[in-house]
Amino acid sequence: MTTPSGPPDIATILSRVKRPSRMVVTAGMPYANGPLHVGHLAGAHLPADIYARWCRMLIGAENVLFVCGTDDFGSASPLAAEKAGKSLDGFLAEVHAKQRTTLARYSIQLDIYSGTSRPESRSTHVAHAQDMLVRLHGNGLLLKRTSQQWFDPAIGRFLSDRFVRGTCPNQRCGSPDAYSDECDRCGHQHAPDELLNPRSELSSATPELRPTKHWWLDMWSVSETLRVWLQGKEKTWRRSVLADSLDRVHPAVHFPNTFEAAYKDLKATLPPHKSKYTAGKRVLLQFVDKAALETGRAQLTAAGIESVYADEWAYRSITRDIPWGIDLPPIDPDLAGKTLYVWPDSLIAPIAFTQAALKAKGRDPQEWKQYWCDPSARTVQFLGQDNIFFYVLMQGALWIGSQADPKRLPIAGELQLTDVVANCHLMVNGEKMSKTRGNFFTGDQLLDERGYDADQIRYYMALLALSERPSDFEFQKLDDRNAFLAGPMNAAFEKPISAVHAKFGGRVPEGVVGEKVMAETTRIIARYVKAMDRADYPSLLFEIENYARTVNSLFAQHKPHDDRFPEPARRDALFASFHVVKNLMIMLYPFVPATMERVRESLRLPKDVFRIDELGSSIPVGHEIGPKGTYFPSVGPPQQMANS
């Protein structure tokens, strides 16, 4: 008879954590057209930084690269430079420097903050992009099509999507400032000819649609491989990231609902499928794979039901008629003078950033393959919810379509498919923050005009459940959370340090961690490693806050600071309090690194203490504790911000 095993101990919990050989973390690349607003920080850069710090704790900083940079090419930067009355090179350098400074002020610990046109990355990036296009072309994934594109007759040039604005075709929106391809207000994506009331941003003329030839990425030809890959992520990815992409790649056809009665007569004989109503009074049938799709479609046709593939998502133009971009490789004369669309450009860029980061560290840039092409490594990318299509489906098709055999998943030596973590928008007054519309707070404003400490902002942003829903940036809630940090959380660090100096000569007394405290420590560590691996932060932080209250409970019950109470219980309580403080410090480090560095200095622990293998361990008996420091600042009277 087998004796049931109890809950796992801390060593077992830590041994079960998956540890890749190498890790790359990326954050969504901001356009080089202005300052970073807090929406960028909350939705991409801060979650990515928290995760990169966790990765370093997990497998060592030497095995982790956190890379990002400005999205320089396309039309956004030239348009902004022109409006600012500056040269493009000068404008890009100025914006890049300001963004890099803002990230540093928020302790966003990048291994490199580069840019697609910057000298340390540009030539390598161009080489990667052109090589990928050659491979895609050789595999038949680039279709040459003639399409209609906006042309400004007043200045005699084709206009990129960012140079044309009009009324959003989404009837629920109707924004008058939608771009040619998407609406910045509602996130709606549309074809250029769907835009209402178009106008040129470069002249007073009304643009015209004229024919032009471009390469279109054929994602349909690799959709089965994409489906197999995404189905393998059903237990690990957030549903908000996976659902729409998986729905698209399931092979499907649709037909007018006038054939619904005929379909119902045939339904039981078709291969396994799901049916649902879709736009345009049509019925959509999703099949398990393309073989079943073709069988089912043949049966529909035989029954007189004319259907079409639901493949509208699967063909995207990836070239443009603009001068500021990556030139296409010279393999088709019809596309001479055209450049790569900014989206595939930005998806490929982190590879070059990785090489630039390695070179800056004095390492061989060719080590990039150990990070991107090794199945034992892992790449995790953080981005906004409205960019999921590009990072999942377009990037997946680029990676798969450029490998030796695009009908299978990648093997060792080929670009490995990445993990994607997406967040909803940070809102102001119920609207998405947008540099274009001017409804945003910059990261610098919060520090300079409002007077907050960067760690206060980091902690509050990590608590916003942007993985689940859009959230408003609310100063009252920020101040309420800062009041907790300055009160109960500070007390958890300060009380043991004050007591050890007042009553125990500044050294950790001999004692034991009681069963209750050890059980709480074991539970929170198990919760911590699981949540950090999935980048699920809000509920975890609330549980860590509860764990911090353990110190207050120990002091309330056993009074280690009061000689009138029994000394053995006081010693145990103080020893256990330092046990909790050390684990708190390690767990909170990815979220509030500057503050936890000050705690570490007070505890006189080594800099390499920030490792997950230190979780669950106590500060040794007799260890000398330094003086109490200043940790989380008090909230203070709020300063009036111009935009609040």
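Summary table below
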{"read-out": "FRET efficiency for V512 and K274, using Cβ-Cβ distance with R0 set to 60 Å, rounded to 0.05", "value": "0.55"}
{"read-out": "For the range 25-37, 3J(HN,Hα) per residue [Karplus equation, 6.51 cos²θ - 1.76 cosθ + 1.60, θ = phi - 60°, Hz, x = Gly/Pro]", "value": "10, 10, 10, x, 7, x, 5, 8, 9, x, x, 7, 9"}
{"read-out": "Carbon plus sulfur fraction of accessible area for the range 1-113, probe 1.4 Å, in percent", "value": "54 percent"}
{"read-out": "Under Karplus coefficients 6.51, -1.76 and 1.60, residue-wise ³J(HN,Hα) of the range 502-518 in Hz, glycine/proline x", "value": "6, 10, 10, x, x, 10, 4, x, 5, x, 10, 8, x, 4, 5, 5, 5"}
{"read-out": "Prolate/oblate/rounded call for the range 466-556, Cα gyration tensor, a/c under 1.5 rounded", "value": "oblate"}
{"read-out": "Hits among aspartates and glutamates - C-alpha to C-alpha of K281 under 12 Å, sequence gap 8 or more where chains match", "value": "E260"}
{"read-out": "Cα-based shape type of the range 527-574, given that a ≥ b ≥ c are square roots of the gyration tensor eigenvalues and the cut on a/c is 1.5", "value": "prolate"}
{"read-out": "Burial ranking of peptide ranges 461-474, 110-123 (average Cβ count within 10 Å, highest at the top)", "value": "110-123, 461-474"}
{"read-out": "Which listed pairs, of K235/K290; K495/K628; K18/K407, have C-alpha distances above 18 Å, in listed order", "value": "K235/K290; K18/K407"}
{"read-out": "For T379, distant residues with modelled amide H under 5 Å away", "value": "V24, D419"}
{"read-out": "In Å, descending, principal axis extents of the Cα set of the chain", "value": "90, 73, 49"}
{"read-out": "For the range 1-146: relative contact order, % (alpha-carbon pairs under 8 angstrom, 6 or more apart)", "value": "24 percent"}
{"read-out": "222 nm mean residue ellipticity, helices alone, for the chain (DSSP H n ≥ 4; -39,500 (n - 2.57); rounded to 500)", "value": "-12000 deg cm²/dmol"}
{"read-out": "In degrees, nearest ten, helix 342-360 long axis to first principal axis of the chain (Cα)", "value": "40 degrees"}
{"read-out": "Separation of alpha-carbon centers, the range 388-406 and the range 220-282, rounded to whole Å", "value": "20 Å"}
{"read-out": "0 to 90° range, to nearest 10: angle between helix 475-484 axis and the chain longest Cα axis", "value": "30 degrees"}
{"read-out": "Label-point separation in nm, A502 to R408, each point 7 Å along Cα→Cβ", "value": "6.9 nm"}
{"read-out": "Peptides 396-405, 501-510 ordered by average Cβ neighbours within 10 Å, highest first", "value": "396-405, 501-510"}
{"read-out": "Globularity ratio of the range 120-200, using Cα Rg and 2.2 N^0.38 Å", "value": "1.42"}
{"read-out": "Folded to 0 to 90 degrees: helix 46-59 orientation relative to the chain principal axis, Cα", "value": "60 degrees"}
{"read-out": "Over the range 33-110, equivalent-ellipsoid semi-axes from the Cα gyration tensor in Å", "value": "29, 12, 10"}
{"read-out": "Carbon and sulfur %, accessible surface of the range 507-644 computed with the full protein complex present, 1.4 Å", "value": "52 percent"}
{"read-out": "Gain in span if fully extended, A154 to E306, counting 0.36 nm per residue against the direct Cα distance", "value": "50.2 nm"}
{"read-out": "Cα Rg, Dmax, the range 127-277, angstrom units", "value": "20.3, 60"}
{"read-out": "Accessible heavy-atom area order of D131, D479, highest first, probe of 1.4 Å", "value": "D131, D479"}
{"read-out": "Relative contact order (%) - criterion: Cα under 8 Å, at least six apart; region: the range 195-288", "value": "22 percent"}
{"read-out": "Disulfide-incompatible cysteines by the Cβ rule (no partner under 4.7 Å) in the chain", "value": "C55, C68, C373, C424"}
{"read-out": "Cross-link reach list, lysines versus K338, counting only Cα pairs under 16 Å and skipping chain neighbours closer than eight places", "value": "K144, K213"}
{"read-out": "The range 291-360, relative contact order [Cα under 8 Å, separation at least 6], %", "value": "22 percent"}
{"read-out": "Accessible solvent surface per residue of the range 153-286, calculated while the other protein chains remain in place, 1.4 angstrom probe, Å²", "value": "50 Å²"}
{"read-out": "Built amide H within the under 5 Å cut-off of Q149, gap 5+", "value": "R210, T212"}
{"read-out": "C-alpha center-to-center spacing [the range 79-152, the range 572-627] in angstrom", "value": "42 Å"}
{"read-out": "Over 24 Å between alpha carbons, listed pairs K582/K607; K361/K607; K98/K369", "value": "K98/K369"}
{"read-out": "Antiparallel %, DSSP beta bridges [both residues in the chain], to 5", "value": "65 percent"}
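The values are calculated or read from the model by the stated rules, or taken from the named source; none is laboratory data. Everything numeric in this text was worked out from a predicted model, so none of it was measured. Neighbour counts run over all protein chains shown; Cβ positions are idealised from the backbone, glycine included. Accessible surface is based on the protein model in full, side chains and every heavy atom, while ligands, DNA and RNA are left aside. Shrake-Rupley method; radii C 1.70, N 1.55, O 1.52, S 1.80 Å.
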